[in-house]
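The values are calculated or read from the model by the stated rules, or taken from the named source; none is laboratory data. Keep in mind the model is a prediction, meaning the values are calculated, not measured. With ideal geometry, Cβ positions are generated from the backbone for all residues, glycine too; neighbour counts draw on all protein chains shown.
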Amino acid sequence: MGRELGGEREPIKERKIDHIRICLSKNVEAKNITTGFEDVFFIHRALPEISMDDIDLATEVFGYRFSAPVMISSITGGTEEALKINASIAEAVEELGLGMGVGSQRVALENPSVERTYAIVRKKAPNAFIAANIGAPQIIRDYKVKDLERIIDMIEADALIIHLNPLQEAIQPEGETFYHGALEKISRIVEGLSVPMIVKEAGSGVSAEDARRLEKAGIAGIDVAGAGGTSWAAVEFYRARKRGNHLTEKTGEEFWDWGIPTAVSIVEVVQSVNIPVIASGGIRSGLDIAKAIGLGADLAGFALPILEPATKGAEEVKKKLEMFIHQLATSMFLVGASSIEDLKNAPLVVLGRTAEWLRIRGFDIESYARRGG
């Protein structure tokens with residue numbers, strides 16, 4: 001049942017409130033590790049030979065046509081604060097033709113009264129791509145296919161995300177650190193689901209080794225959620241400090257920057273599997289999205305940049321998303337890419353620590369520089 005805090009498990013609902021407030025008020029981003037995107041450079045085309053007005057950002061992934069390769073990463077649910085955040089995001093992605101995931105729905109399985117904080121998403125976004133969400137420890141211990149179908153039905157989801165967050169669970173005072181049998185359970189569940197299953201990390205990245213095992217298990221896609229963005233060790237560090245839990249506080253501080261940088265994880269995964277890849281973890285601009293697609297990802301996701309706008313309403317979320325999308329289109333114009341497929345084939349150079357990591361691990365980075373015309 002996980003570790004205890006002060007002799008009692010803190011209610012999940014209170015934990016979710018903590019997570020939102022900490023992410024809004026504290027520095028929860030990586031300190032000494034970066035995404036690696038600063039080592040990725042497109043080859044600028046002084047003669048792009050395209051019109052920016054003719055650029056087509058649309059792409060089809062998981063059988064859904066996205067107007068741009070953008071999916072808001074799973075954020076929250078289960079509280080009144082979460083209701084407004086989810087509603088704002090859903091309204092914006094519906095208008096813009098994008099996608100989103102909700103936060104873990106475990107709390108709704110345990111307390112049906114909060115289902116509406118998740119169900120609001122489909123009400124506000126009847127046509128958008130929506131993903132349900134549950135954690136790996138819960139499917140190992142608690143939930144069967146029928147339970148997962150319940151959370152899928154709760155939001156009429158187009159896909160189910162199983163999130164992997166071993167770092168957060170290890171730091172969290174009430175964390176659930178049992179992952180033995182996770183791959184086998186994923187393999188068994190995927191066969192019985194009515195929608196595709198996406199497996200997502202929570203900020204520490206996915207390695208080539210794990211990507212290959214997950215693909216073999218039959219999943220439909222991988223969200224790398226690499227290091228360099230929001231650190232869940234940092235979030236739990238602040239929670240532990242507030243509660244005077246010195247052991248967890250110091251452990252969270254030590255592992256603040258743990259993980260595989262996002263750019264590295266993208267390459268490790270796309271060069272190892274033949275299923276769609278979502279790039280998340282420190283995506284902070286449309287140029288980051290372009291670099292992620294250039295490295296081979298199919299979609300890009302982000303959560304923290306949207307959280308604060310979502311507390312203000314759908315229009316603020318829409319403004320932030322439109323800025324990212326405009327920056328993506330600008331990136332495509334400057335490399336002469338009129339489509340997402342063209343962007344995937346645009347030449348780019350990988351340098352620095354990112355290149356060193358990938359070379360040591362045996363991945364091909366030279367081919368990125370030689371492609372294109």
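Within segment 193-249, can you find the residues that are under 15 Å from residue 266 (Cβ atoms) and hydroxyl-bearing (Ser, Thr, Tyr)?
204, 207 - these are the residues of segment 193-249 that are under 15 Å from residue 266 (Cβ atoms) and hydroxyl-bearing (Ser, Thr, Tyr).
Residue 361: more than 18 Å from the chain's Cα centre (by Cα), within 18 Å of residue 263 (Cβ to Cβ) and either among the basic types (Lys, Arg) or modelled with pLDDT under 95 (or both), yes or no? Before the answer, list the steps.
On the way: more than 18 Å from the chain's Cα centre (by Cα): yes; within 18 Å of residue 263 (Cβ to Cβ): yes; either among the basic types (Lys, Arg) or modelled with pLDDT under 95 (or both): yes.
It is true that residue 361 is more than 18 Å from the chain's Cα centre (by Cα), within 18 Å of residue 263 (Cβ to Cβ) and either among the basic types (Lys, Arg) or modelled with pLDDT under 95 (or both).
Test of understanding: among 321, 351, which residue is touching a residue at least 60 places away in the same chain (Cβ under 8 Å), within 25 Å of the chain's Cα centre (by Cα), within 25 Å of residue 261 (Cα to Cα) and surrounded by fewer than 20 Cβ atoms within 10 Å (Cβ to Cβ)?
351
Okay, residues lined up against (1) more than 19 Å from the chain's Cα centre (by Cα); (2) part of a helix (DSSP H, G or I); (3) in contact (Cβ under 8 Å) with a residue 40 or more places away in the chain; (4) farther than 27 Å from residue 235 by Cα:
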{"position": "156", "(1), (2), (3), (4)": "yes, no, no, yes"}
{"position": "160", "(1), (2), (3), (4)": "no, no, no, no"}
{"position": "176", "(1), (2), (3), (4)": "yes, no, yes, no"}
{"position": "195", "(1), (2), (3), (4)": "no, no, yes, yes"}
{"position": "214", "(1), (2), (3), (4)": "no, yes, yes, yes"}
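Sort through 304, 328, 334 and tell me the only one that's touching a residue at least 60 places away in the same chain (Cβ under 8 Å), in contact with a Lys or Arg (Cβ under 9 Å, 6 or more places away or on another chain) and more than 30 Å from residue 17 (Cα to Cα). Outline the logic, then answer.
On the way: 304 fails: more than 30 Å from residue 17 (Cα to Cα); 328 fails: in contact with a Lys or Arg (Cβ under 9 Å, 6 or more places away or on another chain).
Of the residues listed, the single one that is touching a residue at least 60 places away in the same chain (Cβ under 8 Å), in contact with a Lys or Arg (Cβ under 9 Å, 6 or more places away or on another chain) and more than 30 Å from residue 17 (Cα to Cα) is 334.
I'd like to check something: does segment 159-166 contain any residue that is closer than 30 Å to residue 254 by Cβ, out of contact with any strand residue (DSSP E or B) (no Cβ under 7 Å at 6 or more places or on another chain) and modelled with pLDDT under 95? If you could, list the steps in order and put the result at the bottom.
Residues of segment 159-166 closer than 30 Å to residue 254 by Cβ: 161-166.
Those still in the list that are out of contact with any strand residue (DSSP E or B) (no Cβ under 7 Å at 6 or more places or on another chain) too: 166.
Subset that is modelled with pLDDT under 95: none.
No, there is no match, as no residue in segment 159-166 is closer than 30 Å to residue 254 by Cβ, out of contact with any strand residue (DSSP E or B) (no Cβ under 7 Å at 6 or more places or on another chain) and modelled with pLDDT under 95.
With respect to the numbered conditions (1) under 30 Å from residue 291 (Cα atoms); (2) free of Cβ contacts under 8 Å to residues at least 12 places away in the same chain; (3) aliphatic (A, V, I, L, M), which one is the sole condition not fulfilled by residue 260?
(2)
Taking only segment 287-312 into account, find how many residues are surrounded by fewer than 24 Cβ atoms within 10 Å (Cβ to Cβ) and under 20 Å from residue 342 (Cβ atoms).
3
Tell me the residue from 339, 367 that is surrounded by 15 or more Cβ atoms within 10 Å (Cβ to Cβ) and of a type in the set (Gly, Ala, Ser), please. Spell out the reasoning first.
Working: 367 fails: surrounded by 15 or more Cβ atoms within 10 Å (Cβ to Cβ).
Result of the check over 339, 367: 339.
What residue, among those in segment 30-47 that are outside any loop (DSSP other than H, G, I, E, B) and either in contact with a strand residue (DSSP E or B) (Cβ under 8 Å, 6 or more places away or on another chain) or free of Cβ contacts under 8 Å to residues at least 12 places away in the same chain (or both), is surrounded by the most Cβ atoms within 10 Å (Cβ to Cβ)? Explain how you work it out, then say what you get.
Filtering segment 30-47 for residues outside any loop (DSSP other than H, G, I, E, B) gives 37-42.
Applying the additional criterion that residues be either in contact with a strand residue (DSSP E or B) (Cβ under 8 Å, 6 or more places away or on another chain) or free of Cβ contacts under 8 Å to residues at least 12 places away in the same chain (or both) yields 39-42.
Numbers: 39: 22, 40: 26, 41: 16, 42: 22.
Ranking the qualifying residues of segment 30-47, first place goes to 40.
Enumerate the helices (runs of 4 or more DSSP H) found wholly within segment 219-316, keeping only those where 1 or more residues are over 22 Å from residue 347 (Cα atoms), of a type in the set (A, V, I, L, M) and over 18 Å from the mean Cα position of the chain (by Cα). Let's see the steps before the verdict.
On the way: elements: 232-243, 246-254, 262-270, 286-294, 304-310.
Correct list: 232-243, 246-254.
With respect to residue 199, is the statement that it is in a strand (DSSP E or B), touching a residue at least 12 places away in the same chain (Cβ under 8 Å) and farther than 20 Å from residue 29 by Cβ true? Working first, answer last.
On the way: in a strand (DSSP E or B): yes; touching a residue at least 12 places away in the same chain (Cβ under 8 Å): yes; farther than 20 Å from residue 29 by Cβ: yes.
So residue 199 passes the test.
Kindly list the number of the only condition in (1) touching a helix residue (DSSP H, G or I) at 6+ places or on another chain (Cβ under 7 Å); (2) modelled with pLDDT of 95 or more that fails for residue 61.
It fails just one condition, (1).
For every residue, the table says whether it meets (1) under 26 Å from residue 15 (Cα atoms); (2) at pLDDT 95 or above; (3) touching an Asp or Glu at 6+ places or on another chain (Cβ under 6 Å); (4) not polar (S, T, N, Q).
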residue	(1), (2), (3), (4)
209	no, yes, no, yes
239	yes, no, yes, yes
250	yes, yes, no, yes
255	yes, yes, no, yes
269	no, yes, no, yes
273	no, yes, yes, yes
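Report yes if residue 242 is closer than 26 Å to residue 212 by Cβ and among the charged types (D, E, K, R), otherwise no.
no
Kindly indicate the residue of segment 1-25 that is under 12 Å from residue 174 (Cβ atoms) and part of a helix (DSSP H, G or I) and also modelled with the highest pLDDT among those meeting that condition. If you could, list the steps in order and put the result at the bottom.
So the first thing to find is which residues in segment 1-25 are under 12 Å from residue 174 (Cβ atoms), and the list is 1-12, 14-15, 18.
Among the residues that remain, those that are also part of a helix (DSSP H, G or I) are: 12, 14-15, 18.
On the way: 12: 76, 14: 84, 15: 83, 18: 90.
Restricting to residues being under 12 Å from residue 174 (Cβ atoms) and part of a helix (DSSP H, G or I), the top hit is 18.
Of (1) in contact with a strand residue (DSSP E or B) (Cβ under 7 Å, 6 or more places away or on another chain); (2) surrounded by 24 or more Cβ atoms within 10 Å (Cβ to Cβ); (3) of a type outside the set (A, V, I, L, M), residue 268 satisfies all except one. Which?
(1)
Being closer than 27 Å to residue 65 by Cβ, out of contact with any strand residue (DSSP E or B) (no Cβ under 9 Å at 6 or more places or on another chain) and of a type in the set (D, E, K, R): is that true of residue 146 here?
On the way: closer than 27 Å to residue 65 by Cβ: no; out of contact with any strand residue (DSSP E or B) (no Cβ under 9 Å at 6 or more places or on another chain): yes; of a type in the set (D, E, K, R): yes.
No, not satisfied.
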